[in-house]
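The values are calculated or read from the model by the stated rules, or taken from the named source; none is laboratory data. A quick note: this is a predicted structure, and the numbers were derived from the prediction, not measured. Using ideal geometry, Cβ is built from the backbone for each residue, glycine included, and neighbour counts are taken over all protein chains shown.
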Amino acid sequence: QHEHKWWKEGIVYQIYPASFKDSNNDGIGDIAGIISKLDYIRELGVDIIWISPHYKSPQVDMGYDISDYEDIHEPYGTVEDVEMLIQAVHDRGMRIIFDLVINHTSNLHAWFLESRSSKSNPKRDWYIWRPAKYDENGNRCRPNNWRSNFSEPAWTWDENTQEYYLHLYAAEQPDLNWENEECRHAIYDSAIRFWLEKGIDGFRVDTVNRYSKYPGLPDAEVTQPREETQIAFKYFTNGPRIHEFLREINDVLSEYDVFTVGELPNTPNESDVMQYISAQAKQLNMVFNFDTVGLGQTPGDRFRITPYGNVDFKRELTRWQRVIQDTDAWTTVFLENHDQGRSISRFASDVPEHRVMAGKMLAMILGTLTGTLFIYQGQEIGMINAPLTWPVEEYKCIRSVNYLKMISERLNHDPTALSKALKALQMVARDHARVPMQWDSTANAGFCSEAVEPWMSVVGSYMEINVADQIGRKDSLLEFWKKVLDLRKLHKDLFVYGRFQLIEQGDDLMTFTKHGGDMTSLTVANLSSEMKKWEIPSLVASTDMKLIIGNMKGPMDQLGPYEGRVYISSP
Ligand code: TEU
Ligand code: CA
């Protein structure tokens, strides 16, 4: 039995500040815009808001490159605005968590400016500097062959001090040196304590398993001989000191009633994950695993997409239900965030005749799984990926842009490369989650006034998919989500904390039961666009199951395309 906690039962809604709501019509979302929509969020049934980085930043990676932890990105507002936001959230009985990005800073952070100023600067060792290597012809080479997560080499040469610095993401995101104790304590004071003292309720911890690098920073095995750099996750993920560092962070946090959810990329091994999330380990309260959202993406080569089907989807989405059962660990339930394509497009169908059904079906699955439920802005109205016909210039994310650059260099020897790349981007580019939130059907979808150009264009689907159309309309996805979230709260022991059991009923049906609080529930969903015959599984056939929610009213013994149902039985 899992111990009850507010952060386990709380429903979390992720906001991407740049794209949520622009209050002053400069084309960029802002803090005041978020405040103006808090009642909307609360009415949805949300308990906890997570905002992606709103800190001062040159925005090379949309705020995941922070130049001052204690200040705010100017177009978003001021520290006072953020204090007002915290207050406004608390006034409505909700809580708020911030993004904690401490694997790296911006190259314009004062710490890095000092560190790069000279080899003898006291902060030199706060980042990871190494001398050049030289090949047999005397040419300067990088310290090792690692590839960054954004496709480019992980080292950048600094002319001034004649050394390389390490960056696991963009060159403008130098990695902090966690081996340096003074640096660690500066991080705790500036990035963590500063905001805890202002009353926030926790952190989503960015790329949390990369702080500790493998000693000696050795070359990675050459698996792609034609490439200049190599995939090197194992040398910078889950390194030897990571658990020690996380316990240190946890010591700081444990003075407050807060929680952490860490992002855990490139960690497929279940026992590795348990070391982070077991309560007894005192590190993180839960993590985001990439098993489901990473489907179809090749680790280290995101846009080389491979096919996946409903069997894969079911296996990955239910993996942590099984693993955390009978342990002291906790998990997350999510299908979207700011780094992923939209769930209806990726895991169901976004064609007009199916997408609303598909959205409701996914809502029923997510709403009845065990763990803390995270919803990403726009998911509640069923926003979908931009179409294949989207002009290439609309892709703004550094990852997409780097990739397109690489592809254009390849076009000579592979003329089909561009169309292949566009197909991949259409599925898994981060841009799909970053277009403006669709509030209504006016020219800029109500995100900003019609007179200004938003920082990313709205996608055409806003005319059919928007909040104004769905709010109060009985059969809308938005109203359906509200019902699902109500039911989840009404039956916490069952849906939030319950015991999970998968029932095998063929590839395209997802069927599972939950047990908790002397009750049983049965969720059944048709993940395909074809009609499926179905019968109540024998496991619950003898119980008196009653339908509490569904997205269609068809015959009992068959499920229409993307139909889903949830039944419960009372004692
Ligand atoms: O992402 C961390 C990360 O490693 C992802 O690239 C992950 O591997 C991928 O999404 C799996 O599909 C975080 C932020 O969420 C992202 O927006 C930032 O760009 C990145 O950190 C750097 O701060
Ligand atoms: Ca604005």
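Quick notes on this one:
- Residue in region 404-416 that is over 19 Å from Q14 (Cβ atoms), touching a residue at least 24 places away in the same chain (Cβ under 8 Å), of a type in the set (S, T, Y) and part of a helix (DSSP H, G or I) present: no
- Every condition in (1) closer than 25 Å to I28 by Cβ; (2) in contact with a Lys or Arg (Cβ under 7 Å, 6 or more places away or on another chain) is met by S115 except one, and the failing one is (1).
- Residue selected from region 23-57 under the condition of a type in the set (S, T, N, Q) and buried (at least 24 other Cβ atoms within 10 Å of the Cβ), by the criterion nearest to ligand 1 (Cβ to nearest atom): S52
- From the options I51, I28, residue that is out of contact with any Gly (no Cβ under 7 Å at 6 or more places or on another chain), within 13 Å of ligand 2 (Cβ to nearest atom) and modelled with pLDDT of 95 or more: I28
- Candidate set: region 247-268, residues that are within 16 Å of ligand 1 (Cβ to nearest atom) and touching a Leu at 6+ places or on another chain (Cβ under 9 Å); chosen: the one farthest from V12 (Cα to Cα): L264
- Residues in region 58-71 that are away from ligand 1 (no atom under 13 Å from the Cβ) and surrounded by fewer than 21 Cβ atoms within 10 Å (Cβ to Cβ): P58, D68, E70, D71.
A quick yes/no check of all residues on (1) surrounded by fewer than 22 Cβ atoms within 10 Å (Cβ to Cβ); (2) assigned to a helix (DSSP H, G or I); (3) out of contact with any Phe, Trp or Tyr (no Cβ under 9 Å at 6 or more places or on another chain):
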residue	(1), (2), (3)
F245	yes, yes, no
E248	yes, yes, no
V273	no, yes, no
D291	yes, no, no
G294	yes, no, yes
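- Complete set of residues in region 169-206 that are in contact with a Phe, Trp or Tyr (Cβ under 8 Å, 6 or more places away or on another chain) and within 14 Å of D65 (Cα to Cα): Y169, A170, Q173, P174, D175, L176, A191, D206
Let's see how each residue does on (1) under 20 Å from D440 (Cα atoms); (2) of a type in the set (A, V, I, L, M); (3) away from ligand 2 (no atom under 16 Å from the Cβ):
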| position | (1), (2), (3) |
| --- | --- |
| T327 | no, no, yes |
| R346 | no, no, yes |
| V356 | yes, yes, yes |
| I365 | no, yes, yes |
